[in-house]
């Protein structure tokens with residue numbers, strides 16, 4: 001199984017792929033670290049973002065997407081554009097792609113029960129991908 005962890009920030013979807021094969025977790029090679037939506041974000045721009053995301057998932061044979069949930073209000077509230085990005089990802093018309101939102105409580109409890117097997121610094125990923133990496137790991141481990 002290959003999973004894509006996603007952190008939505010402003011108009012970007014930060015990505016990290018993880019592969020689970022016979023109980024071993026690995027990082028598949030992926031040159032795309034984030035997909036961005038242009039500032040105008042017209043209907044056509046959203047469709048292009050959705051198509052690019054779907055194409056990337058198909059290219060890497062991703063079967064599950066785990067998105068770190070953002071709060072709708074309060075100090076850590078997500079922006080309106082990030083919710084549009086979330087909706088475009090959720091509405092990808094691929095029956096083989098399972099898209100899940102990961103609430104903060106689920107992330108915390110899953111990491112408590114299944115600590116990360118490797119320190120993030122040892123992964124070779126970029127620092128801005130850490131939350132996406134954690135989302136992918138929790139997406140693999142959460143029931």
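Within the range 89-109, the set of residues being modelled with pLDDT of 95 or more, part of a helix (DSSP H, G or I) and either under 30 Å from residue 38 (Cα atoms) or touching a strand residue (DSSP E or B) at 6+ places or on another chain (Cβ under 8 Å) (or both) comprises 89, 90, 107. Tell me, please, whether a residue that is buried (at least 17 other Cβ atoms within 10 Å of the Cβ) and under 20 Å from residue 138 (Cβ atoms) can be found in the range 41-49. Taking every residue of the range 41-49 in turn, none turns out to be buried (at least 17 other Cβ atoms within 10 Å of the Cβ) and under 20 Å from residue 138 (Cβ atoms).
With a requirement of 3 or more residues that are within 21 Å of residue 127 (Cα to Cα), the strands (runs of 3 or more DSSP E) lying completely within the range 1-88 that satisfy it span 2-9, 12-21, 34-36, 64-68. Selection of the range 123-139 for residues being at pLDDT below 95 and part of a helix (DSSP H, G or I) yields only 123.
Based on what the data block shows, is residue 15 more than 13 Å from the chain's Cα centre (by Cα), surrounded by 13 or more Cβ atoms within 10 Å (Cβ to Cβ), within 14 Å of residue 132 (Cβ to Cβ) and touching a residue at least 60 places away in the same chain (Cβ under 8 Å)? Judged against the criteria, residue 15 is not a match. Within the range 44-69, residues that are over 20 Å from residue 135 (Cβ atoms) sit with their Cβ atoms under 6 Å from residues that are modelled with pLDDT under 95 and surrounded by fewer than 18 Cβ atoms within 10 Å (Cβ to Cβ), at 6+ positions apart or across chains, in these pairs: 45/38. The combined condition, being surrounded by 14 or more Cβ atoms within 10 Å (Cβ to Cβ), touching a residue at least 12 places away in the same chain (Cβ under 8 Å), out of contact with any strand residue (DSSP E or B) (no Cβ under 8 Å at 6 or more places or on another chain) and on the phi < 0 side of the Ramachandran plot, is not fulfilled by residue 131.
The values are calculated or read from the model by the stated rules, or taken from the named source; none is laboratory data. Keep in mind the model is a prediction, meaning the values are calculated, not measured. Because the Cβ atoms are built from the backbone with ideal geometry, glycine has one as well, and the counts that use them run over all protein chains shown.
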